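For reference, the structure is listed below as structure tokens.
Where a number appears in this text, it was derived from the coordinates with a stated rule and is not lab data. On a predicted model such as this, the values are computed, not experimentally measured, just so you know. In this analysis, Cβ positions are derived from the backbone assuming ideal geometry, glycine residues included, and neighbour counts consider all displayed protein chains.
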Amino acid sequence: MTVNQLAELLNANKLNIANGEKEVATGYAGDLLSFVMGRAPEDSAWFTIMTNVNILAVATLTDVAVVVVCEGATVDESIIEKAKQQEINLIKTEYDVFNAIKRYLDET
Amino acid sequence: MEKIHLEFDVDGRNFVSAGTATAKVKACLKEMGINPDDVKRVAIAMYEGEINMVIHANGGKALVDIYVDKVVVKLIDTGKGIADINLAMKPGYSTASDDIRQLGFGAGMGLPNMKKHSDECIVESEVGKGTTVTLITNLH
């Protein structure tokens, strides 16, 4: 599944798409950045409700394919701008983490 | 190969720029063709260190030396120091504020993560003077 396809599946708002054709290899869920940093697999979709600027640093370090902000959490314009600069795929869905992941797994 | 030396200033209390030094080191190691697993370990340990300096010590300096067989990251701050290093190394122990916790940090994973993701993690600290953390990662 590509990032674009995942975004469609989650009726997501594409806050920034740097590479929509990037393949999503697997997924990871978590909000505690110290955990996510050490554990999120490369090329995964990272499901979180965190929206502070550090999610971008963590996304860069882990090389996740896309950050999926769940529960419609508010993402500041400055963070979207930074995601553009850093070419990080960032999407936002109204689904909660559990149901977002369920939709993803049902399709894979 | 001669060793490569990199130096960065880490800006205290600035969460927006936190991780900049680590991202640069990661890009540099990647470009050098170093094993991705090793690159990741260096990056995780260093990022935790950088975040610690931002949270607890008003920033500091990050010195990175890349050798053929290892990467040495030295994180030097002149912050308030660590009173009990053994306690600070304990997973889950944290002195971070609620503000910090809301950012997804301060869970007491910083130093334990640095230890876990390096081959040698040396913490030297003096209360009131500052802390130096040296992280050595062997390259494979």
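Points worth noting:
- Residues satisfying the stated conditions in the stretch B:9-38, i.e. touching a Lys or Arg at 6+ places or on another chain (Cβ under 8 Å) and either more than 10 Å from chain A (Cβ to nearest Cβ) or of a type in the set (Ser, Thr, Tyr) (or both): B:Asp9, B:Val10
- Screening the stretch B:39-49 for residues that are crowded, with 23+ Cβ neighbours inside 10 Å and within 11 Å of another protein chain (Cβ to nearest Cβ) and picking the one that is farthest from B:Glu124 (Cα to Cα) gives B:Val39.
- Only listed residue being away from chain A (no Cβ under 14 Å), without any contact (Cβ under 8 Å) to a residue 24 or more places away in the chain and surrounded by fewer than 16 Cβ atoms within 10 Å (Cβ to Cβ), chosen from B:Asp84, B:Asp65: B:Asp84
- Here A:Glu81 meets each of (1) in contact (Cβ under 8 Å) with a residue 12 or more places away in the chain; (2) within 14 Å of chain B (Cβ to nearest Cβ); (3) not in a loop (DSSP other than H, G, I, E, B) with one exception, condition (1).
- Residue count for the stretch B:116-140, restricted to those that are basic (Lys, Arg) and either closer than 21 Å to B:Lys61 by Cβ or buried (at least 18 other Cβ atoms within 10 Å of the Cβ) (or both): 1
- Criterion (in contact with a helix residue (DSSP H, G or I) (Cβ under 8 Å, 6 or more places away or on another chain), assigned to a loop (DSSP other than H, G, I, E, B) and more than 14 Å from chain A (Cβ to nearest Cβ)) met by exactly one of B:Gly60, B:Gly79: B:Gly79
- Any hit, the stretch B:94-110, residues being within 16 Å of the chain's Cα centre (by Cα), facing chain A (nearest Cβ under 10 Å), surrounded by 15 or more Cβ atoms within 10 Å (Cβ to Cβ) and in a helix (DSSP H, G or I): yes
- Within the stretch B:5-24, tally of residues that are exposed (fewer than 14 other Cβ atoms within 10 Å of the Cβ) and outside any loop (DSSP other than H, G, I, E, B): 3
- Inside the stretch B:111-140, residues that are outside any strand (DSSP E or B), more than 14 Å from chain A (Cβ to nearest Cβ) and touching a residue at least 60 places away in the same chain (Cβ under 8 Å) make up a count of 2.
- Residue under evaluation B:Val39, criteria (1) free of Cβ contacts under 8 Å to residues at least 40 places away in the same chain; (2) not in a helix (DSSP H, G or I), criterion not met: (2)
- Qualifying residue in the stretch A:63-70 (condition: out of contact with any Phe, Trp or Tyr (no Cβ under 9 Å at 6 or more places or on another chain) and closer than 23 Å to A:Ser34 by Cβ): yes
- Qualifying positions in the stretch A:84-108 - farther than 18 Å from B:Thr20 by Cα, in a helix (DSSP H, G or I) and charged (D, E, K, R): A:Lys102, A:Arg103, A:Asp106
- Within the stretch A:19-66, the only residue that satisfies the criterion of being at the interface with chain B (Cβ under 8 Å from one of its Cβ atoms), surrounded by fewer than 19 Cβ atoms within 10 Å (Cβ to Cβ) and part of a helix (DSSP H, G or I) is A:Phe35.
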